[in-house]
Amino acid sequence: MSNKILVVDIETTGFLNQGGQIVEIGMVLLNLDNGEVEPIYECLLKEPGLNRSHTRAPYGWIFSNSDLSYEEVESAPSLESQREAIQFLFDNHRATAFNKKFDFDFLRDRGFRIDELPCPMIVATPICKLPSRNGYNSFKWPKVEEAWEHFFGNTGYIEAHRGLDDAAHEAKIVYELYKMGEFVV
(Lines give C-alpha, C1' and ligand atoms only; values in the text may rest on other atoms or scores of the structure.)
Protein backbone atom coordinates (compact mmCIF):
# COMPACT_ATOMS: atom_id res chain seq x y z
CA MET A 1 0.00 0.00 0.00
CA SER A 2 1.18 3.50 -0.81
CA ASN A 3 2.61 5.49 2.05
CA LYS A 4 0.70 8.55 0.85
CA ILE A 5 -2.35 9.76 2.71
CA LEU A 6 -4.95 12.45 2.09
CA VAL A 7 -5.15 15.42 4.39
CA VAL A 8 -8.51 17.10 3.91
CA ASP A 9 -9.83 20.49 4.91
CA ILE A 10 -13.33 21.79 4.29
CA GLU A 11 -14.75 25.25 4.77
CA THR A 12 -18.39 25.66 5.72
CA THR A 13 -20.94 28.33 6.50
CA GLY A 14 -21.61 26.87 9.93
CA PHE A 15 -22.04 23.71 11.95
CA LEU A 16 -23.64 20.59 10.48
CA ASN A 17 -26.41 20.49 13.11
CA GLN A 18 -27.29 24.11 12.26
CA GLY A 19 -27.64 23.45 8.54
CA GLY A 20 -24.18 24.67 7.55
CA GLN A 21 -23.17 24.31 3.93
CA ILE A 22 -19.84 23.11 2.52
CA VAL A 23 -18.33 25.92 0.44
CA GLU A 24 -14.81 24.62 -0.22
CA ILE A 25 -12.80 21.40 -0.12
CA GLY A 26 -9.02 21.24 -0.28
CA MET A 27 -6.95 18.06 -0.23
CA VAL A 28 -3.25 17.30 -0.31
CA LEU A 29 -1.37 14.04 -0.55
CA LEU A 30 1.18 13.66 2.23
CA ASN A 31 4.05 11.27 1.53
CA LEU A 32 4.86 9.76 4.91
CA ASP A 33 8.25 8.55 3.62
CA ASN A 34 9.65 12.03 3.04
CA GLY A 35 7.10 14.65 4.15
CA GLU A 36 6.37 15.86 0.62
CA VAL A 37 3.03 17.64 0.39
CA GLU A 38 1.32 17.55 -3.01
CA PRO A 39 -1.80 19.62 -3.72
CA ILE A 40 -4.32 17.23 -5.26
CA TYR A 41 -7.79 18.81 -5.06
CA GLU A 42 -9.17 22.30 -4.55
CA CYS A 43 -12.68 23.41 -5.36
CA LEU A 44 -15.21 25.97 -4.24
CA LEU A 45 -18.66 24.41 -3.98
CA LYS A 46 -22.25 25.56 -3.91
CA GLU A 47 -24.67 23.24 -2.16
CA PRO A 48 -28.43 23.34 -2.70
CA GLY A 49 -30.07 25.85 -0.40
CA LEU A 50 -27.09 28.21 -0.16
CA ASN A 51 -28.35 31.79 -0.13
CA ARG A 52 -27.47 35.19 1.33
CA SER A 53 -28.71 34.10 4.77
CA HIS A 54 -25.50 32.03 4.91
CA THR A 55 -23.52 35.27 5.14
CA ARG A 56 -25.12 36.27 8.47
CA ALA A 57 -25.29 34.75 11.96
CA PRO A 58 -25.48 31.94 12.82
CA TYR A 59 -23.76 31.36 9.48
CA GLY A 60 -21.28 33.51 7.63
CA TRP A 61 -18.21 32.98 9.81
CA ILE A 62 -16.17 31.83 6.80
CA PHE A 63 -16.97 35.00 4.86
CA SER A 64 -15.82 37.18 7.77
CA ASN A 65 -12.68 35.20 8.60
CA SER A 66 -11.17 34.45 5.19
CA ASP A 67 -10.78 36.08 1.81
CA LEU A 68 -13.65 33.97 0.45
CA SER A 69 -16.68 35.88 -0.80
CA TYR A 70 -20.29 34.81 -1.11
CA GLU A 71 -20.21 35.80 -4.78
CA GLU A 72 -17.39 33.32 -5.45
CA VAL A 73 -19.34 30.51 -3.83
CA GLU A 74 -22.57 31.53 -5.53
CA SER A 75 -20.99 30.86 -8.94
CA ALA A 76 -19.11 27.69 -7.85
CA PRO A 77 -19.86 24.21 -9.18
CA SER A 78 -22.24 22.01 -7.25
CA LEU A 79 -21.00 19.42 -4.78
CA GLU A 80 -22.85 16.82 -6.85
CA SER A 81 -20.82 17.75 -9.96
CA GLN A 82 -17.64 17.07 -7.95
CA ARG A 83 -18.83 13.90 -6.18
CA GLU A 84 -17.10 11.39 -8.47
CA ALA A 85 -13.71 13.14 -8.30
CA ILE A 86 -13.87 13.49 -4.51
CA GLN A 87 -14.99 9.91 -3.92
CA PHE A 88 -12.24 8.65 -6.26
CA LEU A 89 -9.65 10.23 -3.98
CA PHE A 90 -11.27 8.73 -0.88
CA ASP A 91 -11.47 5.33 -2.58
CA ASN A 92 -7.75 5.38 -3.31
CA HIS A 93 -6.25 6.89 -0.15
CA ARG A 94 -6.69 6.73 3.60
CA ALA A 95 -7.55 10.16 4.92
CA THR A 96 -7.43 12.46 7.92
CA ALA A 97 -8.34 16.03 8.77
CA PHE A 98 -7.46 18.37 11.62
CA ASN A 99 -10.59 18.27 13.80
CA LYS A 100 -11.56 15.25 11.75
CA LYS A 101 -14.99 14.87 13.33
CA PHE A 102 -16.09 18.28 12.03
CA ASP A 103 -14.89 17.74 8.45
CA PHE A 104 -15.73 14.06 8.09
CA ASP A 105 -19.18 14.37 9.70
CA PHE A 106 -20.06 16.85 6.94
CA LEU A 107 -18.60 14.62 4.22
CA ARG A 108 -20.24 11.43 5.52
CA ASP A 109 -23.54 13.33 5.83
CA ARG A 110 -23.19 14.09 2.11
CA GLY A 111 -22.72 10.38 1.38
CA PHE A 112 -18.94 10.11 1.05
CA ARG A 113 -17.20 6.92 2.19
CA ILE A 114 -13.84 7.56 3.87
CA ASP A 115 -11.12 5.19 5.09
CA GLU A 116 -10.29 7.26 8.17
CA LEU A 117 -6.97 7.66 9.94
CA PRO A 118 -6.54 9.18 13.44
CA CYS A 119 -7.36 12.83 14.05
CA PRO A 120 -4.16 14.90 14.25
CA MET A 121 -5.81 17.42 16.57
CA ILE A 122 -6.56 14.67 19.10
CA VAL A 123 -3.10 13.11 18.64
CA ALA A 124 -1.43 16.50 19.14
CA THR A 125 -3.39 17.38 22.29
CA PRO A 126 -1.13 15.61 24.87
CA ILE A 127 1.97 16.73 22.95
CA CYS A 128 1.11 20.44 22.75
CA LYS A 129 -0.12 20.37 26.38
CA LEU A 130 -2.18 23.56 26.15
CA PRO A 131 -3.89 24.36 29.44
CA SER A 132 -7.60 23.72 29.55
CA ARG A 133 -9.65 26.88 29.87
CA ASN A 134 -12.52 25.17 31.65
CA GLY A 135 -10.65 24.22 34.81
CA TYR A 136 -10.44 20.52 34.05
CA ASN A 137 -7.16 18.65 34.40
CA SER A 138 -7.09 17.65 30.73
CA PHE A 139 -5.41 19.63 27.97
CA LYS A 140 -7.39 21.63 25.44
CA TRP A 141 -7.50 20.62 21.79
CA PRO A 142 -4.99 22.77 19.89
CA LYS A 143 -6.13 24.98 17.06
CA VAL A 144 -4.13 24.57 13.86
CA GLU A 145 -2.12 27.72 14.60
CA GLU A 146 -1.31 26.48 18.11
CA ALA A 147 -0.13 23.08 16.86
CA TRP A 148 1.88 24.81 14.12
CA GLU A 149 3.63 27.04 16.66
CA HIS A 150 4.37 24.03 18.89
CA PHE A 151 6.08 22.12 16.06
CA PHE A 152 7.60 24.95 14.00
CA GLY A 153 7.96 27.88 16.39
CA ASN A 154 6.51 31.33 16.07
CA THR A 155 6.77 31.72 12.30
CA GLY A 156 3.92 34.22 12.01
CA TYR A 157 1.66 31.60 10.44
CA ILE A 158 -1.99 32.63 10.42
CA GLU A 159 -4.53 30.07 9.30
CA ALA A 160 -6.09 31.25 6.03
CA HIS A 161 -9.34 29.31 6.48
CA ARG A 162 -9.08 28.23 2.86
CA GLY A 163 -9.24 24.53 2.06
CA LEU A 164 -6.00 23.87 0.21
CA ASP A 165 -3.76 26.19 2.24
CA ASP A 166 -5.10 24.81 5.51
CA ALA A 167 -4.75 21.19 4.33
CA ALA A 168 -1.12 21.81 3.32
CA HIS A 169 -0.22 23.26 6.73
CA GLU A 170 -2.13 20.53 8.54
CA ALA A 171 -0.24 17.89 6.52
CA LYS A 172 3.05 19.26 7.82
CA ILE A 173 1.74 18.90 11.38
CA VAL A 174 0.66 15.33 10.60
CA TYR A 175 4.14 14.57 9.28
CA GLU A 176 5.75 15.84 12.49
CA LEU A 177 3.41 13.64 14.53
CA TYR A 178 4.18 10.70 12.24
CA LYS A 179 7.96 11.16 12.63
CA MET A 180 7.49 11.14 16.40
CA GLY A 181 5.68 7.80 16.13
CA GLU A 182 2.48 9.38 17.47
CA PHE A 183 0.39 9.43 14.29
CA VAL A 184 -0.08 5.74 13.53
CA VAL A 185 -1.30 4.68 10.10
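Scan the range 89-109 for residues that are under 20 Å from Gly49 (Cβ atoms), touching a Leu at 6+ places or on another chain (Cβ under 9 Å) and open to solvent by 10 Å² or more (accessible area, probe 1.4 Å) and jot them down. Lay out the reasoning, then the answer.
Step one: filter the range 89-109 for residues under 20 Å from Gly49 (Cβ atoms), giving 102-103, 105-109.
Filter once more, keeping what is touching a Leu at 6+ places or on another chain (Cβ under 9 Å): 102, 105-106, 109.
Across the range 89-109, the qualifying residues are Phe102, Asp105, Asp109.
Considering each residue of the range 83-123, count those that are assigned to a helix (DSSP H, G or I) and among the hydroxyl-bearing types (Ser, Thr, Tyr), and give that number. Matching residues across the range 83-123 total 0. Looking across Glu146, Glu176, one residue alone is surrounded by fewer than 18 Cβ atoms within 10 Å (Cβ to Cβ), over 17 Å from Val8 (Cβ atoms), out of contact with any Ser or Thr (no Cβ under 8 Å at 6 or more places or on another chain) and at pLDDT 95 or above. It is Glu146. All of (1) surrounded by fewer than 19 Cβ atoms within 10 Å (Cβ to Cβ); (2) closer than 23 Å to Leu32 by Cα hold for Ala171 with one exception: (1).
Quick check, is Asn65 in contact with a His (Cβ under 7 Å, 6 or more places away or on another chain) and exposed (fewer than 14 other Cβ atoms within 10 Å of the Cβ)? Yes: the conditions hold for Asn65.
Among residues that are of a type in the set (Phe, Trp, Tyr), open to solvent by less than 40 Å² (accessible area, probe 1.4 Å) and under 19 Å from Glu38 (Cβ atoms), Phe112 is not included. Quickly run through the range 79-117 and pick out the residues that are within 16 Å of Glu170 (Cβ to Cβ) and among the hydroxyl-bearing types (Ser, Thr, Tyr). Residue satisfying the conditions is Thr96 alone.
Per-residue answers, yes or no, for (1) without any contact (Cβ under 8 Å) to a residue 12 or more places away in the chain; (2) of a type in the set (Gly, Ala, Ser):
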site	(1), (2)
Leu45	no, no
Thr55	no, no
Trp61	no, no
Asp67	no, no
Leu79	no, no
Ala85	no, yes
Phe90	no, no
Glu116	no, no
Lys129	yes, no
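Tell me, yes or no, whether the range 109-127 has at least one residue that is within 11 Å of Val8 (Cα to Cα) and polar (S, T, N, Q). The answer is no, given that none of the residues of the range 109-127 is within 11 Å of Val8 (Cα to Cα) and polar (S, T, N, Q). Evaluating Ser138 against the criteria (1) crowded, with 16+ Cβ neighbours inside 10 Å; (2) at pLDDT below 95; (3) polar (S, T, N, Q) leaves one unmet condition, (1).
The values are calculated or read from the model by the stated rules, or taken from the named source; none is laboratory data. Not measured: the values here are computed from a predicted model. Note that each Cβ is placed from the backbone with ideal geometry, even for glycine, and that neighbours are counted across all protein chains shown. Please note that ligands, DNA and RNA were not included when accessible areas were found on the heavy atoms of the full protein model with its side chains. Shrake-Rupley method; radii C 1.70, N 1.55, O 1.52, S 1.80 Å.
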